[in-house]
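Here's the structure we're looking at; comments come further down.
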């Protein structure tokens, strides 16, 4: 005897968009990249670029290291929440927290625009994609 659609999991009332999962994964990946950036900043011992005096947060790479470490950790936690690990999963609040996190990730990337323009533009483009994914493609049946 056939039981019908017994292979499908029961519906919980919410349906996560593929775009939301994409946004969460991108936030995790950019968060990991930011943590690597912070490790680089803490370990860098060679001469600094001569233009660093005009940089947004001054001349100390330790300042940038701590900034990138906190931003990276935040991006990873929020990204994991969006993909279903944690309290942000399938919620309207999670979407908006993700939008804010992507915005912060893009803004902090601009601090090195003069020194690494391609890398900075890549971070900013990913932030725009995440914001697009979370604003245009909401979770159906999300908790409001």
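The values are calculated or read from the model by the stated rules, or taken from the named source; none is laboratory data. Predicted, not measured: the structure shown is a model, and the values here were computed from it. Cβ: placed from backbone, ideal geometry, glycine included. Neighbour counts: every protein chain shown.
Just checking, how many residues over segment 89-112 are at pLDDT below 80 and out of contact with any strand residue (DSSP E or B) (no Cβ under 8 Å at 6 or more places or on another chain)?
Taking segment 89-112 as the starting set, the residues that turn out to be at pLDDT below 80 are 89-91, 111-112.
Narrowing the set further to residues that are out of contact with any strand residue (DSSP E or B) (no Cβ under 8 Å at 6 or more places or on another chain) leaves 89, 111-112.
Number satisfying all stated conditions: 3.
What single numbered condition from (1) at pLDDT 90 or above; (2) under 16 Å from residue 28 (Cβ atoms) fails to hold for residue 118?
Every condition holds for residue 118 apart from (2).
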